[in-house]
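Enquirer: First the structure, then my questions, so here it is.
The values are calculated or read from the model by the stated rules, or taken from the named source; none is laboratory data. None of these values were measured; they are calculated from a predicted model. Positions of Cβ are backbone-derived with ideal geometry, glycine not excepted, and every protein chain shown enters the neighbour counts. Heads up: the accessible areas ignore ligands, DNA and RNA and are worked out on the full protein's heavy atoms, side chains in. Shrake-Rupley method; radii C 1.70, N 1.55, O 1.52, S 1.80 Å.
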Amino acid sequence: MTSSPSVPSVRLPLRAAPPRASPLCRSRQWSDAPRVSSPALVVVKPLASKAPASYRSALLLHRRRRYALPPVAATAASKPVFKDPKKYQEWDSMTAKFAGAANVPFLLLQLPQIILNARNLLAGNKNALFAVPWLGMLTGLLGNLSLLSYFAKKKETGAVIVQTLGVISTYVVIAQLAMAESMPLPQFVATSAVVAAGLLLNFLNYFGWLRGTLWLVWEDFITIGGLAVLPQVMWSTFVPFIPNSLLPGIISGSLAATAVVMARMGKLSEGGIKFVGSLSGWTATLLFMWMPVAQMWTNYLNPSNIKGLSAFTMLLAMIGNGLMIPRAVFIRDLMWFTGSAWASFLQGWGNLACMYCFHSISRESFLATTFGLLMWLGFTLWRDTIAHGNSSPMTSLKELLFGK
């Protein structure tokens with residue numbers, strides 16, 4: 001076959017290159033090819049991708065020996081490699097059990113108040129129940145419902161049980177206040193309807209028996225309600241120094257309703273819709289985070305009230321929230337970790353520190369509590385680092401705060 005005189009061509013040698021030939025001298029092979037007269041001059045440059053297979057293998061082996069690249073270096077950045085899957089599963093199981101064990105101290109927190117209210121009601125001493133503010137109990141109840149919805153959506157069984165017991169125990173106290181006529185009847189009826197609907201919807205959603213439309217309506221309700229209550233509670237904390245007003249709750253509730261409507265109508269960006277969807281969980285967390293702040297503010301204004309605080313109650317609050325920290329760290333849930341760590345330090349340890357400063361508890365008790373809390377946090381970070389195969393606890397904290 002003859003080639004067209006207008007198209008230049010080059011014949012390549014069919015024999016292999018000499019074994020001792022250097023790759024840099026491969027251009028000499030082209031000198032053996034016959035020259036073809038052509039009006040155009042063709043320069044052929046050897047490409048790295050066209051190199052013989054034996055040369056590419058030798059070059060790759062040389063680079064691996066020189067730079068000591070592991071075989072899995074290419075996939076280590078895209079997929080996390082656990083050093084010990086067994087330890088990962090063990091820590092997963094342990095953190096779930098810790099979160100479930102938090103039910104015990106949280107239940108003991110409300111049980112003494114329930115028993116005391118029952119005794120006063122049986123004795124006909126209804127005035128004693130007026131010392132328990134129903135608005136504060138209602139705020140805590142709304143926070144429990146919001147967090148119950150958040151954890152039911154994530155299918156966190158231990159946290160769901162904790163929040164469910166919180167809703168039920170708080171509602172029992174509110175019912176006792178209504179029986180003592182401390183809480184107005186219309187507010188109690190509305191609260192009962194919300195609690196019944198909330199428990200039913202969360203139960204159905206947890207088992208996958210609820211339609212998405214009803215769940216969206218419930219999420220919008222707790223988002224608007226939480227954002228209306230949170231600024232109002234914050235404002236009411238400083239009422240002796242600022243005028244009493246319902247304006248903060250009205251303004252924030254109106255803004256929340258507007259944001260929810262715009263999100264459902266598609267008027268917000270994708271990031272804005274996700275932000276509105278996360279507001280209910282963060283609002284509930286901030287409600288619980290504000291409770292120890294209000295208590296410490298009261299201690300600052302009236303130091304004599306510190307003697308009325310129960311050190312055992314504060315210890316239970318610290319233990320209950322502390323038991324949920326490992327699970328929050330393990331699943332990298334920043335909102336859960338923020339609420340649990342804040343409550344453990346401020347509501348529990350912070351109030352114990354105030355009691356120690358005013359000589360309500362002994363020095364040995366306070367130091368033992370502080371040492372135990374620090375040891376628990378250290379144990380949590382150490383086990384989480386091993387389970388996830390990280391190099392240091394700081395890596396686990398970075399993953400928790402900023403994501404992987």
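Enquirer: Can you give me the number of residues within the range 342-353 that are surrounded by 20 or more Cβ atoms within 10 Å (Cβ to Cβ) and either touching a residue at least 60 places away in the same chain (Cβ under 8 Å) or more than 24 Å from the chain's Cα centre (by Cα) (or both)?
Expert: The qualifying residues number 2.
Enquirer: Evaluate the following for residue 138: is it closer than 28 Å to residue 278 by Cα and either at pLDDT below 90 or assigned by the TED database to the domain that holds residue 385 (or both)?
Expert: yes
Enquirer: Right, next: Going by what's in this entry, would residue 319 be described as open to solvent by 30 Å² or more (accessible area, probe 1.4 Å) and either more than 20 Å from residue 226 (Cβ to Cβ) or small (Gly, Ala, Ser) (or both)?
Expert: It is true that residue 319 is open to solvent by 30 Å² or more (accessible area, probe 1.4 Å) and either more than 20 Å from residue 226 (Cβ to Cβ) or small (Gly, Ala, Ser) (or both).
Enquirer: Is there any pair with a first residue in the range 160-180 that is open to solvent by 10 Å² or more (accessible area, probe 1.4 Å) and a second that is among the hydroxyl-bearing types (Ser, Thr, Tyr) and assigned to a helix (DSSP H, G or I) whose Cβ atoms are under 7 Å apart and which are 6 or more apart or on different chains, and what are they?
Expert: 160/206
Enquirer: Give me the pairs: first residue in the range 262-289 and surrounded by 14 or more Cβ atoms within 10 Å (Cβ to Cβ), second residue among the charged types (D, E, K, R), beta-carbon distance under 7 Å, and six or more apart or on different chains, which are they?
Expert: Note: pairs meeting the criteria are 280/219.
Enquirer: Let me ask you something else. Can you pull out the residues in the range 354-404 that are closer than 17 Å to residue 325 by Cβ, of a type in the set (Gly, Ala, Ser) and without any contact (Cβ under 8 Å) to a residue 40 or more places away in the chain?
Expert: Across the range 354-404, the qualifying residues are 372, 378.
Enquirer: Yes or no: the range 226-233 includes at least one residue that is more than 26 Å from the chain's Cα centre (by Cα) and not hydroxyl-bearing (Ser, Thr, Tyr).
Expert: No, the conditions are met nowhere in the range 226-233.
Enquirer: In addition: Here is a check on your reading of the model: is residue 306 assigned to a helix (DSSP H, G or I) and open to solvent by less than 20 Å² (accessible area, probe 1.4 Å)?
Expert: In short, yes.
Enquirer: Give me a count of the residues in the range 226-261 that are in a helix (DSSP H, G or I), open to solvent by 50 Å² or more (accessible area, probe 1.4 Å) and not polar (S, T, N, Q).
Expert: Qualifying residue count, the range 226-261: 7.
Enquirer: What do you reckon, is residue 327 part of a helix (DSSP H, G or I) and of a type in the set (D, E, K, R)?
Expert: Judged against the criteria, residue 327 is a match.
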